[in-house]
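Worksheet: the structure to be examined is printed underneath.
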Amino acid sequence: MTRFRQAHRLRNVRYDVRGPILTEAARLEAQGHDVLRLNLGNMRPFGHQARPEILEAVAGGLDAAQAYSDSRGIPQAREALAEHYRGHGISGASAESVFLGNGVSELITLTLQALVDPGDEILVPAPDYPTWTGAVHLTGGVPVHYLADEADGWNPSVEDIESKITPATTAIVLINPNNPTGAVYSEATVRGIVDVARRHGLILLSDEIYADLVFGGARHHYAARSAGDDVLCLTFGGLSKAYRVCGYRAGWVSVTGPVQDAADLLEGLTLLSNMRVCPNATGQYAIPAALSAGTPGSPLAADIVDPGGLLEDRLARTAAALDAIPGVSCVAPRGALYCFPRVDTELFGIVSDEEFVLDLLRSEHILVTHGTGFNWPEPDHFRIVCLPDGEVLDRAVGSIANFLDRRRRRSA
Ligand code: PLP
């Protein structure tokens, strides 16, 4: 019997990416096994270094970073972000309505705390990055999942979103490019979702942390650009992915649209920012340097995340190899860092996908994440991180194929 118990509001909060499966991986490692961890989009452990300008800027800021910063973050980073977004056609972006945080993760929780009352409904994609669903639960709000359509390159169905709106709906969450599916939403989809928000007076919460990780000729469309000045849009981004400094915890949210109508919400965001005093000051110095060093794809950048670069190759070869396994199909990702293949549950005798990935871990020492951990409703998907060398990925997919083959024969 546990004497000291967690709060009831944690009851429905889950973050399986680092859940029981990670404990099992740690147990195997403690026994001396080498586990290939393909569960986290964490760049540095796979050898992906940030560009030197970013490290130099952080080193140069160490002295100043001894102090608390403005609770919203250092002005030079907020200015750089506003300019960056204006450069992407989001004309209303302003340093005054940019808030920095300890990664997008903190800002998701902070924003939802500022926005959501118990009973409010928030439309969240399924599958999602699970912090979104978890953070809605934390507020006492209700996450209402809309389906991304695997047959349509995992684009969300705009009709499904609209059909799920009720008088209690407050906001629509977009995750584009998407984790875990790798989808990059078409312009028509982004515009369609923005129009739904416009017609129903909803707020857009647009997680675009992978905006600079887009491949295969796909183009990323910022929701805030379509939202213009009449739909309130909160754009979330950060340095953890394309800029490869996850541990610096440098994230932001930029509020654009009819900000004059959102003074009360901005006051709430400011209050919560004040209460956490400020984000980690050190990491903030990375932001102007990262943005002025050029986003991936610009002439200044030449590295693994560029279109046509190593990461694109790793995603494509992993998706193709998975897709070639009998009983597995995989929509080729066009952005982010992951593949999200479908597995035939009947053929492989899968009832619980969590049990399935545990079985894979114990048998092959490969750590992936089960699809229901991303609030996908069926036990028929898993997510694999595509950051290691191509040969390592090829071997991992080979082991997964052998493992599946054994399961298929066992359940025949
Ligand atoms: N949003 C999405 C879609 C993510 O995939 C992640 C991390 O994987 C985050 C937010 C959190 O990023 P961070 O807190 O490192 O900024």
Scanning for something open to solvent by 40 Å² or more (accessible area, probe 1.4 Å), of a type in the set (Phe, Trp, Tyr) and in contact (Cβ under 8 Å) with a residue 60 or more places away in the chain, does the range 97-120 turn up at least one residue? no
Any idea which of Asp128, Asp70, Asp120 is away from the ligand (no atom under 16 Å from the Cβ) and touching a strand residue (DSSP E or B) at 6+ places or on another chain (Cβ under 8 Å)? Asp120
Being within 16 Å of the ligand (Cβ to nearest atom) and either open to solvent by less than 20 Å² (accessible area, probe 1.4 Å) or not acidic (Asp, Glu) (or both) narrows it down to one of Val231, Val214, Val196, so name that one. Val214
The residue that is farthest from Val385 (Cα to Cα), considering only those in the range 34-53 that are more than 15 Å from the ligand (Cβ to nearest atom) and surrounded by 14 or more Cβ atoms within 10 Å (Cβ to Cβ), is Glu53
Residue list for the range 11-32, filter: exposed (fewer than 15 other Cβ atoms within 10 Å of the Cβ) and at pLDDT 90 or above: Thr23, Ala26, Arg27, Glu29, Ala30, Gln31, Gly32
Hey, can you tell me all the residues within the range 87-103 that are more than 22 Å from Glu267 (Cβ to Cβ) and either small (Gly, Ala, Ser) or touching an Asp or Glu at 6+ places or on another chain (Cβ under 8 Å) (or both)? Gly87, Gly89, Ser91, Gly103
Return the residue satisfying two criteria in turn: it lies in the range 131-149 and is out of contact with any strand residue (DSSP E or B) (no Cβ under 7 Å at 6 or more places or on another chain) and away from the ligand (no atom under 16 Å from the Cβ), and of such residues it is least open to solvent (accessible area, probe 1.4 Å). Thr139
Which numbered condition trips up Leu213, out of (1) closer than 25 Å to Tyr68 by Cβ; (2) hydrophobic (A, V, I, L, M, F, W, C); (3) at pLDDT below 95? (1)
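The values are calculated or read from the model by the stated rules, or taken from the named source; none is laboratory data. These numbers were taken from a predicted model, which means no experiment stands behind them. Glycine gets a Cβ as well: all are built from the backbone with ideal geometry, and neighbour counts include every protein chain shown. Surface areas here come from the heavy atoms of the whole protein model, side chains and all, with no ligands, DNA or RNA. Shrake-Rupley method; radii C 1.70, N 1.55, O 1.52, S 1.80 Å.
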